[in-house]
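Visitor: Just dropping this structure here.
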Amino acid sequence: MDKQPTSKSLITRDFEKELETMSPFEIKNRLIEMAQDDARKSTATFLNAGRGNPNWIATVPREAFFMLGEWALSECRHTKDVGDGIAGIPSTAGCAKRLSEYLDKHAGNAGAQLIQDTMNYLVTRYNANPDEVAHEWAEAVIGDQYPSPDRILKHTELLVRDYLAQEMNGDVDSSETFDLFACEGGTAGMCYAFDSLQENRLLKRGDKIALMTPIFTPYLEIPRLDRFAFDVVEISANKVERDGFHSWQYPDEEINKLRDKSVKLLCLVNPSNPPSYTLSQHTLDLIVDIVKTDNPDLMIVTDDVYGTFVPDFRSLMYRLPHNTICVYSFSKYFGATGWRLAVMAVNQLNIFDCLIENLPEEDKVALNRRYGSLSLHPEKIKFVDRLVADSRLVALNHTAGLSTPQQMQMSLFASFALLDKENVYKKRMLTIINNRLDALWKTTGFTLLPDKLRAGYYSEIDIMVWARKFYGDEFCDYLTKNYEPLDFVIRLANETAVVLLNGDGFAGPDWSVRASLANLDRKSYLRIGTAIRTILDSYHEKFLNNK
């Protein structure tokens, strides 16, 4: 697979079948080559809507971060200014007063105001000691110490916990308390979850797990690794409903697969990726009922990175707090994929600790041996702290944790959203995404049904639905008999210089395509919609010519 054809004449159906065995994110690289080649040979503009990296950033939290950096550097020099580019490390005494004086000099600056408001929030809500907060921030942004606590910094946890309660539940004062583990992006959280569940004997090789599909491809690929070799049950939202349209919701008969007690783990992305719809209230209620009545030991990993793009979003982490690990990333909402900022949230009362306590004696002995270097009573180490230790193969637990500058930026992202009482930033994000989504569908000629459960960060378009509506069953039979589903995105790249991902790579419908609405301007999505319709119509022309 090293040398791949990019010329239209060299692409065969056998090549497409071979390519379909790869991840859509790897296929994307081939499509980019094709699209760029087409753009060079024509007047087309290369448009890549294949990846969800946003083309916006949140400015105010970054202004605050860099201001804190400048102030923290002065704190180091205040302690000891050796000269020759060498200074001391921040000291606690008088730290808050010096920060206040610094902020006064920058009155009117949005970043300075965020720093001051964040301090006020912590002092007012948590009776935090201003010197302790300022000192934590100084050391965090300078990065002169190992993270301590290693799981997450004290005041970072307070801010992020409240942020999650606000965005995932709509209630900052939720009675549920989650321990947080700051980690290197949502991808790291996924890896840590699978790893620790297996290391702690909660999942064994070959166990049955459930995936709510379509889903972000690593959730499909990780269980297939030889180390896990899980027996995967797919809970599918691919059913065509509502007069031939997709609702991207889950029929009851699919959700009821979770009543099987041999299903030990459920993984979902909510709102989904790529359909980009949140679970309906009915589905949430049904999952809660199943856990309470039939499968109380069901473990759940919910990946809620796109929840902030749905008004009044409610996460499963607050409906089934004791069964759920939430993985949340700051990357999409704040335009911060390069920062690698995420948290794993585990309720302080949880099924994971209970299941470990009830393991067979031989498993407990093995786990006590694994974590014995960390405590005289390793059996008392909580699951969330085992996640931290496992992230560094236990032996390096003393140097575990997300870097402190990363945690500082995470704190400021969280407080920025918490303090935005008028939801100015959120409203702007939703407007940007919805305008792009409308533009994409407008020029396809397809119908996008109104749906309050839609996030719209991505759009999954089932080409076969529209082929049937526009041109009938005979044409659809022609498509399936003569082409591989991947042919559609290949033609898009080769003939229009547009890159989309194949939806079947996410366990979506075979002839679906996935477009990111995050990384191009509105005009580009108008062109992408036109390109999608152009390719569909070109298949129909060939169909008519072959009749």
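The values are calculated or read from the model by the stated rules, or taken from the named source; none is laboratory data. Keep in mind that what you see is a predicted model, and the values were worked out from it rather than measured. All Cβ positions, even for glycine, are placed from backbone atoms using ideal geometry, and neighbour counts span all protein chains on display.
Visitor: Restricting the search to region 279-330, which residues are touching a helix residue (DSSP H, G or I) at 6+ places or on another chain (Cβ under 7 Å), of a type in the set (Ser, Thr, Tyr) and part of a loop (DSSP other than H, G, I, E, B)?
Guide: Within region 279-330, just Ser315 meets the criteria.
Visitor: Now, a different point. How many of the residues making up region 510-527 are in contact with a helix residue (DSSP H, G or I) (Cβ under 7 Å, 6 or more places away or on another chain) and surrounded by fewer than 24 Cβ atoms within 10 Å (Cβ to Cβ)?
Guide: Selection size over region 510-527: 3.
Visitor: Considering every residue within region 406-425, establish whether at least one is farther than 25 Å from Pro61 by Cα, touching a residue at least 24 places away in the same chain (Cβ under 8 Å) and surrounded by fewer than 17 Cβ atoms within 10 Å (Cβ to Cβ).
Guide: no
Visitor: Could you go through region 228-250 and let me know if any residue there is assigned to a helix (DSSP H, G or I) and at pLDDT 95 or above.
Guide: For region 228-250, residues assigned to a helix (DSSP H, G or I) and at pLDDT 95 or above: absent.
Visitor: Trp466 versus (1) farther than 18 Å from Trp248 by Cα; (2) surrounded by fewer than 24 Cβ atoms within 10 Å (Cβ to Cβ): which is the lone unmet condition?
Guide: Trp466 satisfies all of (1) farther than 18 Å from Trp248 by Cα; (2) surrounded by fewer than 24 Cβ atoms within 10 Å (Cβ to Cβ) except (1).
Visitor: Go through (1) in a helix (DSSP H, G or I); (2) of a type outside the set (Val, Ile, Thr); (3) under 25 Å from the mean Cα position of the chain (by Cα); (4) surrounded by fewer than 22 Cβ atoms within 10 Å (Cβ to Cβ) and name the single condition Leu393 misses.
Guide: Here Leu393 meets the rest and fails (1).
Visitor: Given the conditions (1) surrounded by 20 or more Cβ atoms within 10 Å (Cβ to Cβ); (2) free of Cβ contacts under 8 Å to residues at least 24 places away in the same chain; (3) assigned by TED's automatic domain parsing to the domain that holds Leu486, which single one is not true for Pro24?
Guide: (2)
Visitor: Okay, moving on. Which numbered condition trips up Leu158, out of (1) farther than 25 Å from Leu402 by Cα; (2) assigned by TED's automatic domain parsing to the domain that holds Gly189?
Guide: So Leu158 meets the others, but not (1).
Visitor: Which residues, counting only those in region 1-17, are modelled with pLDDT of 65 or more and exposed (fewer than 13 other Cβ atoms within 10 Å of the Cβ)?
Guide: Hits for region 1-17 are Thr12, Arg13, Asp14, Lys17.
Visitor: Just wondering, is there one or more residues in region 495-506 that are assigned by TED's automatic domain parsing to the domain that holds Arg527, charged (D, E, K, R) and within 21 Å of Ile215 (Cβ to Cβ)?
Guide: Yes, the conditions are met somewhere in region 495-506.
Visitor: Cβ-Cβ distance below 7 Å, separation of 6 or more or different chains: which pairs start in region 467-494 with a residue that is over 18 Å from Gly244 (Cα atoms) and charged (D, E, K, R) and end on one that is at pLDDT 95 or above and buried (at least 19 other Cβ atoms within 10 Å of the Cβ)?
Guide: What qualifies is Arg491/Ile535.
Visitor: On to the next question. Please work out if Leu197 is in a helix (DSSP H, G or I) and either in contact (Cβ under 8 Å) with a residue 40 or more places away in the chain or not polar (S, T, N, Q) (or both).
Guide: Criteria met by Leu197.
So that you can scan it fast, the table gives a plain yes or no per residue for (1) touching a Gly at 6+ places or on another chain (Cβ under 7 Å); (2) within 30 Å of Asp14 (Cβ to Cβ):
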| site | (1), (2) |
| --- | --- |
| Leu419 | no, no |
| Asn423 | no, no |
| Lys427 | no, no |
| Lys442 | yes, no |
| Phe446 | no, no |
| Ala455 | no, no |
| Glu460 | yes, yes |
| Leu479 | no, yes |
| Tyr483 | no, yes |
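Visitor: Continuing with the same structure: Only one of Leu202, Leu197 is within 15 Å of Val388 (Cα to Cα), more than 18 Å from the chain's Cα centre (by Cα) and aliphatic (A, V, I, L, M); which?
Guide: Of the residues listed, the single one that is within 15 Å of Val388 (Cα to Cα), more than 18 Å from the chain's Cα centre (by Cα) and aliphatic (A, V, I, L, M) is Leu197.
Visitor: What number goes with the only condition from (1) surrounded by fewer than 17 Cβ atoms within 10 Å (Cβ to Cβ); (2) assigned to a helix (DSSP H, G or I); (3) assigned by TED's automatic domain parsing to the domain that holds Cys326 that Asn120 does not pass?
Guide: (3)
Visitor: If I filter region 171-178 for residues that are outside the structural domain of Thr399 (by TED's automatic domain parsing) and surrounded by fewer than 18 Cβ atoms within 10 Å (Cβ to Cβ), do I get at least one hit?
Guide: Scanning region 171-178, I find no residue that is outside the structural domain of Thr399 (by TED's automatic domain parsing) and surrounded by fewer than 18 Cβ atoms within 10 Å (Cβ to Cβ), so the answer is no.
Visitor: Looking at region 71-96, which of its residues are in a helix (DSSP H, G or I) and either polar (S, T, N, Q) or free of Cβ contacts under 8 Å to residues at least 12 places away in the same chain (or both)?
Guide: Ser74, Arg77, Thr79
Visitor: From Pro214, Pro218, grab the single residue that is in contact with a strand residue (DSSP E or B) (Cβ under 8 Å, 6 or more places away or on another chain), of a type outside the set (A, V, I, L, M) and not assigned by TED's automatic domain parsing to the domain that holds Gly508.
Guide: Being in contact with a strand residue (DSSP E or B) (Cβ under 8 Å, 6 or more places away or on another chain), of a type outside the set (A, V, I, L, M) and not assigned by TED's automatic domain parsing to the domain that holds Gly508 holds for just one of Pro214, Pro218, which is Pro214.
Visitor: Now, a different point. Kindly evaluate Val343 against the criterion of being touching a Cys at 6+ places or on another chain (Cβ under 8 Å) and touching a residue at least 24 places away in the same chain (Cβ under 8 Å).
Guide: yes
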